[in-house]
Amino acid sequence: MEIAFDRMLNALKAVGEETRLRILALFRTGELTVTELVTILRQSQPRVSRHLRLLCEAGLLERYREGTWIFYRLAEGGPEGDMARAIMQYIPFSEQILRHDGERLAEIKAERKERATRYFSENAEDWDRIRTLYVSEDEVEKILLEVTADMKIDDFLDVGTGTGRILEVFAPRIGRGTGIDLSREMLSVARVNLERAKLHNCQVRQGDMYDLALADQSVDLILIHQVLHFADDPSAALREASRLLRPNGRVIVVDFAPHTLEYLRDEQAHRRLGFKDTEVIGWLEQVGLKSDPVIHLKGTELDLSIWVAH
């Protein structure tokens, strides 16, 4: 894709400075906040914010506000976004300063993961009740069965399976079902639930939504149910899901619509306060999936959206 000369020059000027190149390098693994970048770079917030502004003005990064948090990520469209990804291929990540940046980024991600793991561990037994605080799970489950009623589902994958409830719902409709979750406590509860229900066509295993360790084109239906709002990089999770999808298969994402309940970040380890329709549809299109009309459900405190993609 060609880029106008002045825009190309502006982008190259923006990245042609040590700190800004370090910042760009940090975005190969997802989105970050100003506070996280300040921690990694060991520079003042005003200085980091200025560098971010220049990178955004040059079209290499994009900025969006969500409640009191501001997130940054690589530009997802346009020639500048393509240029940012091209530059990323030539960044010398083995250089000492970039290695140190990467180590601090890894520490931040480990802290996030620990917070989430601790939350899931403390709430595993009560997880299904917590989820019903917002939208009726009966209503959600009914819709999920309706939108897949025309499918022959030999292999089903539930990403972030939690207590295994979705496996229980789909078990009569599928040949084989697999639930993936990072939390050992959640998986322990799921195994008990599946055994109690005598669902011998379903199993659960520990795994990561970014690396599902399954073969390409091996799954007919993938469900990502109220999981993306915990993710550091939702688009990467959807990319991994699309890799597994068979021809004529479907990915279904169930998650919160945008909201302003900031306390969920601290109390329930939410990374994101819901998603706009266009945001999720854009991620799906990037990995070659087409979304059907989005289904919206009204909740008592939070609204829910269902994206069905194929």
Qualifying helices (runs of 4 or more DSSP H) (wholly inside segment 4-81; at least 2 residues being under 24 Å from Thr278 (Cβ atoms)): 45-57
Residue in segment 258-273 that is within 24 Å of Thr148 (Cβ to Cβ) and surrounded by 19 or more Cβ atoms within 10 Å (Cβ to Cβ) present: no
Residue list for segment 161-176, restricted to those being part of a helix (DSSP H, G or I) and not basic (Lys, Arg): Ile166, Leu167, Glu168, Val169, Phe170, Ala171, Pro172
Glu31 among the acidic types (Asp, Glu) and over 20 Å from the mean Cα position of the chain (by Cα): no
Verdict on Gly282 being more than 18 Å from Asp181 (Cα to Cα) and either of a type in the set (Phe, Trp, Tyr) or touching a strand residue (DSSP E or B) at 6+ places or on another chain (Cβ under 9 Å) (or both): no
Hits in segment 133-154 (condition: within 22 Å of the chain's Cα centre (by Cα) and either under 25 Å from Gly207 (Cα atoms) or part of a helix (DSSP H, G or I) (or both)): Glu137, Val140, Glu141, Leu144
Positions within segment 41-80 being over 17 Å from Glu17 (Cα atoms), buried (at least 18 other Cβ atoms within 10 Å of the Cβ) and out of contact with any Gly (no Cβ under 7 Å at 6 or more places or on another chain), in sequence order: Glu62, Glu66, Tyr72
Any chance Asp181 is among the charged types (D, E, K, R), under 25 Å from Ser305 (Cα atoms) and touching a Ser or Thr at 6+ places or on another chain (Cβ under 7 Å): yes
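Just so you know, all these numbers are worked out from the coordinates, no wet-lab data involved. All figures in this text were calculated on a predicted structure; none of them were measured in a lab. Cβ atoms come from the backbone with ideal geometry, glycine included; neighbour counts cover every protein chain shown.
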